[in-house]
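Report on one structure; see the data block that follows.
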Amino acid sequence: MLRRLFSREKGPEGIEQYKERSPVLADHGEAVEETLSVLTREGKRTLNEAREAVEKAVQEAARSSLRDLRLMEEGRCPDCGRKLHQYLFTSICSHCGWTTFIMPEKGGAAVYLNDGSKIPCQAVFDTKGGYVLCVANDVISARIDKKNVAHIEFTWRPEEVNERREQHRRETRGVCHWCEKPFDEVYAEHLKRVEEAKKADREPEKAWAPIIVYAAFGVYQNRYEFCSERCENAFKRQYPVRVHKNCYDRPCPDCNLCIKRYEGYDETLLKRLEIVV
Ligand SMILES: [Zn+2]
Ligand SMILES: [Zn+2]
Ligand SMILES: [Zn+2]
């Protein structure tokens with residue numbers, strides 16, 4: 001987007017041409033032309049310097065959003081690094097208040113004012129400037145002083161929530177690293193056996209949970225999940241760890257033999273050892 005600031009039909013040699021211009025910048029055409037003419041007057045060097053500064057800003061923004069994404073992927077708050085509470089459409093850090101926030105696409109929102117009146121919107125944005133912006137029909141329909149806002153309501157249609165729930169289930173359902181069976185199938189079968197045992201007055205099998213194994217076959221620690229001890233053992237027989245790393249018998253949290261990607265506190269080995277102690 002920033003690159004388009006340099007959109008210009010004719011320019012000094014060696015400067016890339018950006019013909020496309022965002023609708024917002026097009027509205028500021030005059031200002032852009034003026035800036036460019038100042039820069040061109042000052043010569044190619046200034047223009048190049050400005051372009052490098054823009055490139056750098058874009059790169060830095062990309063780097064920091066990549067860092068944020070990595071942290072969020074691991075369920076961590078990008079601001080303070082603590083565990084996030086994850087819900088269907090939002091993640092919340094109860095420690096520092098950081099949130100991701102997705103508004104309903106179908107249901108919409110409404111701002112309720114202190115005097116009880118209601119302003120319906122397609123989307124609402126809480127700006128830093130002490131105002132709430134209402135968007136309706138793709139334009140800002142109201143700018144409301146936060147002091148006048150009693151509360152903001154979001155309407156979620158059941159079909160949108162269900163769609164997301166289903167998508168979430170598909171994305172998060174794990175698969176056994178050995179036999180490739182999806183965990184939700186394994187879990188459903190387990191529940192069925194527990195039910196049958198109950199009916200037959202037999203002792204039910206213990207609660208099912210995937211077996212989590214951390215191991216480093218090279219420089220990096222990896223995470224593997226298995227549906228059963230049988231699959232876990234088959235994997236370990238097939239892939240023995242190297243001599244200097246006894247990952248299969250050593251819990252991850254206090255190991256520093258490999259580069260860590262995960263803290264490893266959910267490791268099944270750790271749980272087994274804690275049961276033994
Ligand atoms: Zn936080
Ligand atoms: Zn398996
Ligand atoms: Zn290790």
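Just a few scattered comments:
- Across region 198-227, the qualifying residues are those that are of a type outside the set (A, V, I, L, M), open to solvent by 20 Å² or more (accessible area, probe 1.4 Å) and touching a strand residue (DSSP E or B) at 6+ places or on another chain (Cβ under 7 Å), and the one among them that is farthest from residue 184 (Cα to Cα) is 220.
- Taking every residue in region 93-107 that is within 16 Å of ligand 1 (Cβ to nearest atom) and pairing it with any residue that is modelled with pLDDT under 90 and not in a loop (DSSP other than H, G, I, E, B), at least 6 positions away or on another chain, the pairs with Cβ-Cβ distances below 7 Å are 94/85; 99/91; 100/91.
- Within the span defined as region 175-193, one or more residues are within 29 Å of residue 261 (Cβ to Cβ), open to solvent by 80 Å² or more (accessible area, probe 1.4 Å), over 23 Å from the mean Cα position of the chain (by Cα) and of a type in the set (Ser, Thr, Tyr).
- Selection from region 51-92 of residues that are within 12 Å of ligand 1 (Cβ to nearest atom), open to solvent by 60 Å² or more (accessible area, probe 1.4 Å) and basic (Lys, Arg): 82, 83
- Among (1) in contact (Cβ under 8 Å) with a residue 40 or more places away in the chain; (2) farther than 30 Å from residue 167 by Cβ - the single one residue 89 does not satisfy: (2)
- Residue satisfying all of: in region 206-221; part of a loop (DSSP other than H, G, I, E, B) and under 18 Å from residue 271 (Cα atoms); nearest to ligand 2 (Cβ to nearest atom) among these: 210
- Exactly one residue among 160, 166 is away from ligand 2 (no atom under 16 Å from the Cβ), in contact (Cβ under 8 Å) with a residue 40 or more places away in the chain and not assigned by TED's automatic domain parsing to the domain that holds residue 256, and that residue is 160.
- One residue from 83, 118 being modelled with pLDDT of 85 or more and under 30 Å from residue 262 (Cα atoms): 83
- Pairs where the first residue, in region 180-204, is under 15 Å from residue 228 (Cα atoms) and the second is β-branched (Val, Ile, Thr), C-beta under 9 Å, 6+ apart: 181/175; 182/175; 183/175
- Within this structure, residue 187 fails the test of being assigned to a strand (DSSP E or B), among the hydroxyl-bearing types (Ser, Thr, Tyr) and either in contact with a Phe, Trp or Tyr (Cβ under 9 Å, 6 or more places away or on another chain) or more than 22 Å from residue 75 (Cα to Cα) (or both).
- Per-region count, region 222-261, residues in a loop (DSSP other than H, G, I, E, B), within 25 Å of residue 206 (Cβ to Cβ) and in contact with a Cys (Cβ under 7 Å, 6 or more places away or on another chain): 1
- Under the condition of being part of a loop (DSSP other than H, G, I, E, B) and more than 13 Å from residue 154 (Cβ to Cβ), the residues counted in region 88-132 number 15.
The values are calculated or read from the model by the stated rules, or taken from the named source; none is laboratory data. Fair warning: this is a prediction, and the values are worked out from it, not measured in the lab. Counting neighbours? That spans all protein chains shown, and the Cβs are built from the backbone with ideal geometry, glycine included. In case anyone asks, the SASA skips ligands and DNA or RNA and just uses the protein heavy atoms, side chains included. Shrake-Rupley method; radii C 1.70, N 1.55, O 1.52, S 1.80 Å.
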